[in-house]
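Asker: Dropping a structure here in structure tokens format, bear with me for questions.
Every read-out reported here was derived from the displayed coordinates using simple, explicitly stated rules and does not represent laboratory data. Since the structure is predicted, the reported quantities are computational estimates derived from the model, not experimental observations. Don't worry about glycine lacking a Cβ; one is built from the backbone with ideal geometry, like all the others, and counts go over all protein chains shown.
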Ligand SMILES: C[C@H](O)[C@H](O)[C@H]1CNC2=NC(N)=NC(=O)C2=N1
């Protein structure tokens, strides 16, 4: 589970994860909400899921724009846990973007 995926394997997974991009630091998705409180609400829902999965995204909040980065810190790269977390974030984001 903690095995680091190759860039190619991540790219294949990203084919099914529209909106995500890959760089050496992980996979990232940026979403813009309608307001700052909505951005915080999204982060709060993602936080609950991260606790459930015991796997946590790096999160950057700038007014109503939120960037999630998924990388397994202990493994030093992207693992299946990050792909799963990204899918869950997509479910939560759903239609909440601006
Ligand atoms: C003990 C616990 O499982 C670890 O500290 C987890 C918590 N959440 C984590 N999240 C992420 N993204 N990477 C980790 O290595 C990590 N480690």
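Asker: So which of 8, 52, 13 ends up being in a helix (DSSP H, G or I), within 13 Å of the ligand (Cβ to nearest atom) and over 22 Å from residue 98 (Cβ atoms)?
Answerer: 52
Asker: If I go through the stretch 23-48 residue by residue, how many of them are in a strand (DSSP E or B), in contact with a helix residue (DSSP H, G or I) (Cβ under 7 Å, 6 or more places away or on another chain) and farther than 12 Å from residue 86 by Cα?
Answerer: 1
Asker: Would you confirm whether any residue within the stretch 60-73 is buried (at least 19 other Cβ atoms within 10 Å of the Cβ) and out of contact with any strand residue (DSSP E or B) (no Cβ under 7 Å at 6 or more places or on another chain)?
Answerer: yes
Asker: Taking the stretch 60-98 on its own, how many of its residues are within 11 Å of the ligand (Cβ to nearest atom), without any contact (Cβ under 8 Å) to a residue 40 or more places away in the chain and over 13 Å from residue 27 (Cβ atoms)?
Answerer: 1
Asker: Testing residue 42 on (1) touching a strand residue (DSSP E or B) at 6+ places or on another chain (Cβ under 8 Å); (2) without any contact (Cβ under 8 Å) to a residue 12 or more places away in the chain; (3) closer than 16 Å to residue 91 by Cα, one condition comes back false. Which one is that?
Answerer: (2)
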